[in-house]
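Engineer: Please see the structure below; I have some questions.
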Amino acid sequence: MKPLALITCIAALGGAAILWSSLPMAQTAPDDGMAPAQLSLTVPPHDDPLTVEVITGALPNGAELILVAPDGRIVGGVAFFGQLNPADEQYHQILLPRDALMEGETTLTGIVKTPEGDRPAGPDDLRGIRLLDQP
C-alpha cells in the first residue's frame, strides 16, 4: 500500500470513529440507589380470577406501571395518559388470571415503563394494592 493511501485510510477511519461517538445512544435510567417499590398481598385459595386495586401516584404522561410476581412473570399493569396532580392518588382495578398469583403471601414489584426507558417504581409511583374480591 502506498503511504498516501495508508494515510487516507487512517484519516477516514478516524473520521468515522468521531462520527460514531457523536451519535445519540440509548440511555438507561440512572441508578439513584432507590429500592423498587414492593407491596405484599395475601392471596387466599381461589379457583376464579382475582381483582386487585392498585393505588398509584402521578406518573409521566404515557407511562405504564407493570406489576411483576416474585417469579418474574408480569401479572398486570396500568397505563397513564394526561396530566395528574402529583399529590393525587389514582385507583385502578386489574383482573388477574386465576394462575397469576399463588396462594399465600405474595410480593409484587412495580416497574415504570416510559418512552425514555424502564425504571423501578418508587413509593410515590406504587402506593398500595389490595384484593377486591374474596373467594
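Engineer: For the range 52-78, which positions are loosely packed, with under 12 Cβ neighbours inside 10 Å and not β-branched (Val, Ile, Thr)?
Structural biologist: Scanning the range 52-78 gives Asp71, Gly72, Arg73.
Engineer: Follow-up question, since we're still on this one. Consider the range 71-106. How many of its residues are closer than 17 Å to Thr42 by Cβ, in contact with a strand residue (DSSP E or B) (Cβ under 6 Å, 6 or more places away or on another chain) and either at pLDDT below 85 or part of a loop (DSSP other than H, G, I, E, B) (or both)?
Structural biologist: Adding up the residues that qualify gives 3.
Engineer: Here's something else I'd like to know. Answer yes or no as to whether Leu108 is over 16 Å from Val78 (Cβ atoms) and in contact with a Leu (Cβ under 7 Å, 6 or more places away or on another chain).
Structural biologist: no
Engineer: Looking at Gly128, is it outside any loop (DSSP other than H, G, I, E, B) and touching a residue at least 24 places away in the same chain (Cβ under 8 Å)?
Structural biologist: yes
Engineer: Identify the residue in the range 79-127 that is surrounded by 13 or more Cβ atoms within 10 Å (Cβ to Cβ) and of a type in the set (Gly, Ala, Ser) and, among all such residues, is farthest from Leu67 (Cα to Cα).
Structural biologist: Here the answer is Gly122.
Engineer: Still on this structure: Quick one: would you say Gly62 is in a loop (DSSP other than H, G, I, E, B), of a type outside the set (Val, Ile, Thr) and touching a residue at least 40 places away in the same chain (Cβ under 8 Å)?
Structural biologist: Taking the combined requirement at face value, the residue satisfies it.
The values are calculated or read from the model by the stated rules, or taken from the named source; none is laboratory data. Fair warning: this is a prediction, and the values are worked out from it, not measured in the lab. Note that each Cβ is placed from the backbone with ideal geometry, even for glycine, and that neighbours are counted across all protein chains shown.
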